[in-house]
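Down below is the structure, laid out as structure tokens.
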Amino acid sequence: MTQTSLFRQITDFANRADPYPLYEELRKTPVLHEEEGGPYVISSYYDIKGLLHDPRISSDAATLVAAGDDDIGQGENTGLPPSFLRLDPPEHDRLRRIANSAFGPPHRPRRVENMRGEMADIVAELIDGFGDARQIDLVDQFAYPFPVTVICRLLGVPREDEPRFRAWVDPLVATLDPATRMTADPDFAKSATEARMQLGMYLAGLVEERTKQPRDDMLSDLVNSHGPDGAMTMMEVLSTSVLLLIAGHETTVNLITNGMLTLLRHPEILRRLREDPGLSVNIVEELLRYEPPVQIVPQRATIADIDVRGVTIPKGSRLWLVLAAGNRDPERFKHPQRFDPDREDIQHLGFGSGIHSCFGAPLARLETQIALSALARRLDDPRLVEDPPPYRQNAVLRGPRHLNIAFEAVR
């Protein structure tokens with residue numbers, strides 16, 4: 001394996017089912033720069049962690065375009081202004097603080113936790129929906145619909161509108177996949193554009209309603225924020241809402257699916273989870289290290305020269321931070337290739353780090369804990385129909401497109 005081919009192999013779909021040997025090879029060259037104008041690829045835990053906290057690294061959409069950001073790095077294609085995910089301080093900080101005041105501490109410290117019972121009910125309903133089937137596609141029948149329903153309830157979408165909402169979200173989530181975005185199919189492009197317009201109009205209508213008649217939901221809080229940072233504009237509220245919908249949704253789908261796949265490959269841990277639902281907390285943290293849903297952060301560029309391990313990365317360069325490689329770095333973790341929920345000190349990079357650490361992490365954690373615990377408890381003798389399963393094209397947001405599971409009965 002040559003260095004000049006390594007970057008291409010990591011992004012090659014043929015290696016999607018198991019990229020970890022490539023990541024191991026990548027760590028031998030912690031700062032990899034294969035071609036003129038190409039990204040600098042960083043793969044060691046401590047280097048990634050340091051860069052995620054470095055103010056000389058930019059996430060600003062305009063900076064990335066100037067640095068020559070390529071299509072695989074485009075995580076938002078919404079037709080709206082950039083969300084705070086694609087902004088730098090101080091504007092990033094202002095928008096994130098307002099959003100967080102509607103989502104978590106100190107203003108709404110129990111908003112996510114108070115949804116625990118509702119999430120458990122949604123999960124139970126989905127599993128009941130398996131009926132008398134003895135085989136299901138976990139993605140289509142469980143991991144995909146669950147997060148969309150939760151986000152609808154969190155934002156305050158009326159329940160009768162949830163089916164329409166899902167119909168709009170589906171083609172927008174599909175645009176996260178670089179292969180899908182580059183498709184020549186005009187019908188797909190047309191449907192995605194139409195869905196984006198209809199979703200924007202629908203959310204704008206909800207925003208107008210919540211301005212006049214606030215309710216106990218996140219959209220009302222975003223619209224009516226009166227803290228020291230002021231209020232979001234209509235477009236900022238829409239951009240933040242769509243960020244929660246699209247970026248958060250795909251991450252959680254992959255975390256649940258990768259989690260069940262990993263548990264089925266480790267039946268002794270699946271049995272432990274069935275007997276002790278509390279183990280789900282450790283399991284999810286170890287999953288975020290071992291099989292993170294976000295494998296690579298490609299949306300970064302340097303705004304000054306930076307030295308990493310003796311290599312000068314020039315100002316205006318693109319960076320790829322390979323979180324999944326850092327999560328299995330033997331310099332940081334003992335026996336990194338082992339899935340071990342009893343592992344101590346799981347300070348993973350699964351949700352990133354620094355100012356852009358995953359905004360929806362508390363929600364994704366709780367959703368996955370509830371989902372995996374319920375599946376372990378209620379599916380009798382579950383097993384994989386095929387291993388490896390078919391994967392999505394996306395190298396950045398990696399997860400199975402389908403996960404067919406057979407079982408004896410639903411308890």
| remark: Rg/Rh over Cα atoms for the range 201-245, Kirkwood Rh, comes to 0.93
| Once Rh is set to the Kirkwood radius over Cα pairs, what Stokes-Einstein translational diffusion coefficient, in µm²/s, holds for the range 160-299 at a temperature of 4 °C and a viscosity of 1.567 mPa s? | 72
| message | Antiparallel versus total DSSP beta bridges in the chain: what percent is that, nearest 5? | response | 85
| Percent accessible area from carbon and sulfur atoms, the range 223-323, protein chains only, probe 1.4 Å | 55
| request: Mind giving me the nanometre distance, one decimal, between the label points for residue 331 and residue 387, set 7 Å out from Cα along Cα→Cβ? | output: 3.3
| Based on the Cβ-Cβ distance from residue 311 to residue 345, what FRET efficiency comes out when R0 is 35 Å, to the nearest 0.05? | 0.75
| request: Would you calculate the separation in nanometres between label points at residue 304 and residue 107, each defined as 7 Å from the Cα along the Cα-to-beta-carbon direction? | output: 3.2
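Only loop residues by DSSP count here, and only those with at most 15 other Cβ atoms within 10 Å; note down the trypsin sites (Lys or Arg not before Pro) in the range 121-176 that meet that. Write out the running numbers ahead of the final one.
Details: sites: 134, 153, 159, 164, 166; in loops: 134.
Of the trypsin sites (Lys or Arg not before Pro), the ones in loops of the range 121-176 whose Cβ has at most 15 other Cβ atoms within 10 Å are 134.
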| said: If every alpha-carbon in the chain counts as one equal scatterer, what log10 I(q)/I(0) does Debye give at q = 0.11, 0.13, 0.14 1/Å? | reply: -0.84, -1.20, -1.39
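Indicate the helices, whole DSSP H runs only, in the chain that combine a mean Kyte-Doolittle hydropathy of -1.0 or more with a Cα extent along their long axis of 30 angstrom or more.
Both cut-offs are met by 186-212, 234-265.
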| Straight-line reach from residue 334: which lysines have Cα under 20 Å away, leaving out those fewer than 8 places along the same chain? | 28, 49
| query | Separation between the residue 275 and residue 12 pseudo-spin-labels, each 7 Å from Cα along Cα→Cβ, expressed in nm? | reply | 4.4
| task | Beta carbons within 10 angstrom, averaged per residue: use that to sort the peptides 194-203, 232-241, highest first. | result | 232-241, 194-203
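The values are calculated or read from the model by the stated rules, or taken from the named source; none is laboratory data. In this text the structure is predicted, and so the values were computed from the model without any measurement. Note: ideal-geometry Cβ built from the backbone for every residue, glycine included; neighbour counts use all protein chains shown. In case anyone asks, the SASA skips ligands and DNA or RNA and just uses the protein heavy atoms, side chains included. Shrake-Rupley method; radii C 1.70, N 1.55, O 1.52, S 1.80 Å.
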